[in-house]
1. Quick one: putting +1 on the C-beta of Lys and Arg, -1 on the C-beta of Asp and Glu, what dipole do you get for the protein assembly as shown around its Cα centre, in Debye to the nearest 20?
2. For B:Met5 and B:Asp40, FRET efficiency with R0 = 25 Å and r from the beta-carbon atoms, rounded to 0.05?
3. Roughly how many Å² of C:Tyr14 are accessible to a 1.4 Å probe, to the nearest 10?
4. Under 19 Å between alpha carbons, and skipping anything fewer than 8 positions from C:Lys41 in its own chain: which lysines qualify?
5. Give the span of chain B's Cα atoms along each principal axis, as three whole-Å numbers ordered largest to smallest.
6. Show me, for segment A:110-115, the HN-Hα J-couplings you get by feeding each phi into the Karplus relation (A = 6.51, B = -1.76, C = 1.60, θ = phi - 60°), rounded to Hz, glycine and proline as x.
7. Among the lysines, which fall within straight-line cross-link reach of B:Lys13, defined as a Cα-Cα distance under 27 Å, with same-chain neighbours fewer than 8 residues apart omitted?
8. Using a 1.4 angstrom probe on the protein heavy atoms only, line up A:Lys301, A:Lys94 by accessible area, largest first.
Amino acid sequence: MATCPGCALLCDDIEVIVENNMIKETKNACRRGAARIKGCINRLAPSIAQKPSDLESAIRKAAEILRNAKSPMLFGWSNSTCEAQAKGIQLAKKLGAVIDDTSSFCQGLLIEKFLQKKFRTCTLEEVRNNADILVYWGSDAQDSEPRHLSRFSYFPRGESRQRGYEEDRIAIAIDVRESNTAKICKGHFYRIQPKGDREFILALIDALSGKVPAYEPKKILELASILKKAEFGVIFAGIGLTYSIKDDFDILVLLADKIPNFHIMPMVGHYNMRGFNENLFRETGFVNRVKFDGKVVHDNKYSIVEAFQEKSIDALLIVGSDPLSSLPRSLIRHLTSIPVICIDPCVTMTSKIAAVTIPCAASGIESAGTAIRMDGKIIELSKIIGSDYLADEELLTRLMGAL
Amino acid sequence: MVTVMELYQLLPKTNCKICGESTCMAFSVALLGRKKNISDCTPILEENFKKQKEKLESLLLPSAGAGETGMIVHPEICTGCGNCVVACPVDVANDPRGAAIGCAPTNDKVIFRVIDGKVVASNIKECRRFGKNKVLCYACIDPCPTGAIEFV
Amino acid sequence: MGLDVGKFMKNPEYELKITTYRDIFQVEAQERDRFGKDYEKLSACIVMSKNDLAKMGLKSGDRVKVTNNYGSIVVEVKESKRDEPGGVAFMVNSPWSNVLVSDETGGKGIPEFKNITAKISLVKEEITTFESLMESFRKCL
Ligand code: SF4
Ligand code: SF4
Ligand code: SF4
Ligand code: SF4
């Protein structure tokens, strides 16, 4: 059995058939996972200034860039093992650098609340065994964490849910779009306008407090009465919800207070984003956007987005991420004016403009380690096939040595 | 998803009856239901229908093998989510410690398995829609996010 | 900096709200080859409701230019398979949709990926390729 590093569900029931050290077939992994396990066709090669080099020189050049930088940033991390993340944090300390990860413009805000224990939460196994009301809010699990409904939430039979989805569970979707997940929640889909989540929450709180909500009263009252009946409810909070209420997150806490039988769980895409958040939190008390400046300083200006906005960094090390592809083009002008070092298994848009590229093994496929599932459970990653590529953890160790 | 009309549009439309059906339309229905093969229509085997024949083959290919039960699986639109694996009552009954509780199937008696990220159906004769006590089961159709499973 | 915004558009322009989403088939294509044609095809498109298409005189397969203050791209129109009421169009999260995302973050570090306003109009131009996106980055250098 192998673990799939395709998303933060980290399915550990995958069978992989390997022939001549090549992946021939995967069993049980979804389409997303199968694609991740089979890997990319464009492997990254070591380079300096867009010219081929050897690994040692690339590492030396990367060390030189970081050493000479006044305010370097280390970014990425959600596709790395916990071990590599810990190394990254050490490296940031040593350099007095800023460290941030993709959660900074994703689910970081939400996960921070979990680590601060602001929400009642539970494990996915508890969901499988007990949950009766499931709310997918701003989350299209079917496309982002495709086996979420089949492995844990809606379809499986659980200890106190022997009749499974047919009679024992209700799945609800709240979204701006009738997603694939919403399609499965047939009859329990609540469509909201973009940025309409806040209004919806407030109306729901009213309905739960016995008031007539100001907005779509009939639908909201109906939803409130379903939620009230829950023995073990779960709200799966997706990125749609996080983005929409990012300026006033406490209203989700307020809502959770009104439905004491509910648990909140963050939906996480990248396989070890939560791992980075937990590692940095343990070290600093913050999940991202930290500068090691003799002491720990946390500030929004240490987010990758604001750092680009303010042009405040002068070198960038990226591990397992592609900001050129995932950030607004209006923001990345700064990225193209500073030296960038890319550590990645694959060629990315960012690596195409990088000053130094350093190839690594595909983690969870060509190198092992641990990662943290979206609900906080630690999962072992497997080394499915051997390769000549070094793990990102090993590369970071060498990079630190070369400083 | 292939429809009778799509198949019909590709046939010679002469209603010559060589295939044993009374019209090309009837032949389309039989094709979709896997009761006839493309080669039963000998006129379409001729060179000038080559393109149309190839198109027909590609439309019908994904479901080849589903045979008499009429189940058609469209792997090209399947996400491999496994909802059908866990929801099918046959899988639940035959694999209570695997598929039934959301885990990977633990034996070969299940109908649905996910291979290379796409669903593969086997043991189709076990399906509740067939046999002596058949019932109109929708447990693999309703949970599918993309309509990758259908019965004709 | 847009990709040469045409100054004299003869086709009518409509204002549009766009929100981004994720699509498993596009993610699959990205995992395999983020420079490939499959990824481009699954990214460079905009999904619209039947109502909106009728209102704007568009149909599946048309090419449209989507433009705002942050940039401009040409993508393919797809009709939503679902019964959408309209008023909002959908683009899968990708370097294409990212051309249209604002740089205003209010100092909070999170761009408005899911709340985009743009103008849309029918064009004959080719769909914005990956190469031309990459080229527009290099120009920033
Ligand atoms: S759900 Fe996520 S972890 Fe599980 S197989 Fe799919 S991609 Fe991999
Ligand atoms: S043999 Fe072919 S052309 Fe003739 S009736 Fe049958 S389908 Fe039509
Ligand atoms: S129809 Fe029912 S029994 Fe038959 S394969 Fe589908 S879920 Fe299983
Ligand atoms: S439910 Fe549909 S999409 Fe999911 S694995 Fe089964 S056939 Fe594929």
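1. Computed charge dipole of the protein assembly as shown: roughly 680 debye.
2. 0.80
3. The accessible area comes out at roughly 70 Å².
4. C:Lys59, C:Lys65, C:Lys78, C:Lys81, C:Lys124
5. 54, 34, 23
6. Karplus-based 3J(HN,Hα) across segment A:110-115 equals 6, 5, 4, 4, 5, 5 Hz.
7. B:Lys35, B:Lys36, B:Lys50, B:Lys51, B:Lys53, B:Lys55
8. Per-residue accessible area, sorted high to low, gives A:Lys94, A:Lys301.
The values are calculated or read from the model by the stated rules, or taken from the named source; none is laboratory data. Everything numeric here is computed off the predicted structure, so don't read it as measured data. Here Cβ is always computed from backbone atoms with ideal geometry, including for glycine, and neighbour counts include all displayed protein chains. Only protein heavy atoms, including side chains, enter the accessible area calculation; ligands, DNA and RNA are left aside. Shrake-Rupley method; radii C 1.70, N 1.55, O 1.52, S 1.80 Å.
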